[in-house]
1. Looking at the square roots a ≥ b ≥ c of the eigenvalues of the Cα gyration tensor of the chain, which shape do they give, rounded for a/c under 1.5, prolate if a/b is larger than b/c, or oblate?
2. Quick one: pull the percent of accessible area on the chain belonging to carbon and sulfur, 1.4 Å probe, ligands and nucleic acids left out.
3. I need the Debye-formula profile for the range 142-259: one equal scatterer per C-alpha, no solvent, reported as log10 I(q)/I(0) at q = 0.11, 0.15, 0.16 1/Å, two decimals.
4. Relative to the Cα centre, what is the charge dipole magnitude of the range 56-184, using +1 at the beta carbon of each Lys and Arg, -1 at the beta carbon of each Asp and Glu, and rounding to the nearest 20 debye?
5. Report residue 64's accessible area, 1.4 Å probe, all protein chains in place, as a number in Å² to the nearest 10.
6. Provide the per residue accessible area, probe 1.4 Å, for the range 1-153, rounded to a whole number of square angstrom.
7. Using +1 on the beta carbon of Lys and Arg, -1 on that of Asp and Glu, and nothing else charged, what's the dipole of the range 231-277 about the Cα centre, debye to 20?
8. Spin-label point model (7 Å from Cα, Cβ direction): what's the residue 18 to residue 195 distance in nm?
Amino acid sequence: MIIDFHTHLFPPQIIQRREEYLWRDRWFGLLYGNPNAKLATAEDLIASMDQAGVDACVAFGFAWRDGGLCQCHNDYILESMARFPGRVIGFATVNPARGETALLEAQRCADEGMRGVGELMPDGQGYALHDEAVMRPLMEWLADRDMPLLTHSSEPVGHMYPGKGNLTPEKTYRFIQQYPETAIILAHWGGGLLFCELMSEVREACARVYYDTAASLFLYDDRIFSLAATLAEDRVLWGTDYPLIGHDTFRRRVESARLSPPAMKSILGGNAARLLGLSEEELL
Ligand SMILES: [Zn+2]
């Protein structure tokens, strides 16, 4: 079972009116101001998955600052789930700084079959992840439903890129310690938090932390796959950041890494299925 844990979908209306959204949301403008930055629909996603033999994808929209835009975008994800059952697993994007409204939206999406919340982008949405007044209600809501949260995170060093932001390991570490009851997926290898797990107290605190591999091909060299497997084989989730990177390319790169067959299986889908409680039947 091959599952991509990190993909972004956009409704055709937003793709057609891309220019307008570049100024409506500053962070969207930063990430997608470059006309070469791709936007993809659910049909594009399915075509890419089919080409690479990917069974299912966790798909979400964009973490807009405006809660209304998050809601419209979630509608598109819900529609995509209905059109491609078992292949598109939806996560809800909300802006937790909107308080009660964000919780109601998460509830609506969960009621309609979404499996988690994310990808959050606190730098773009205007709050700090460690701000308990903002995050605690959502995190407790997720813990009650045993649903995971996926958040962007980034490296404290290295090259800059649009959307990198400042969610570096010292911040995400503080955040995960605040919510040991909630499964948290740190995108982009947790900005390197994974490597701090060589410290026993960090490893202990990260028991419910998962790392996705989104955008890895632009960030690290491929030795990271085998290193990660030795550190957290059962908590690494293959995620492409599609359409930034296509499935075919990314899958081949992971499969070329020196991983044991069980580690390969876990990372390419087994861990995702376990985390989301998916059965084979649900996916086919
Ligand atoms: Zn991200």
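1. Rounded is the answer for the chain, as its axis ratio a/c remains below 1.5.
2. Carbon and sulfur together cover 53 percent of it.
3. -0.35, -0.65, -0.74
4. Roughly 280 debye for the range 56-184.
5. In the full protein context, residue 64 sits at about 0 Å².
6. Solvent-accessible surface per residue comes out at 39 Å².
7. Here the range 231-277 has a charge dipole of around 100 debye.
8. Those two pseudo-labels are separated by 3.4 nm.
The values are calculated or read from the model by the stated rules, or taken from the named source; none is laboratory data. Computed from a predicted structure; not experimentally measured. So basically every Cβ, Gly included, is an ideal-geometry build from the backbone, and we count neighbours across all protein chains shown. To get the accessible areas, we keep the full protein, side chains included, count just its heavy atoms, and leave off ligands, DNA and RNA. Shrake-Rupley method; radii C 1.70, N 1.55, O 1.52, S 1.80 Å.
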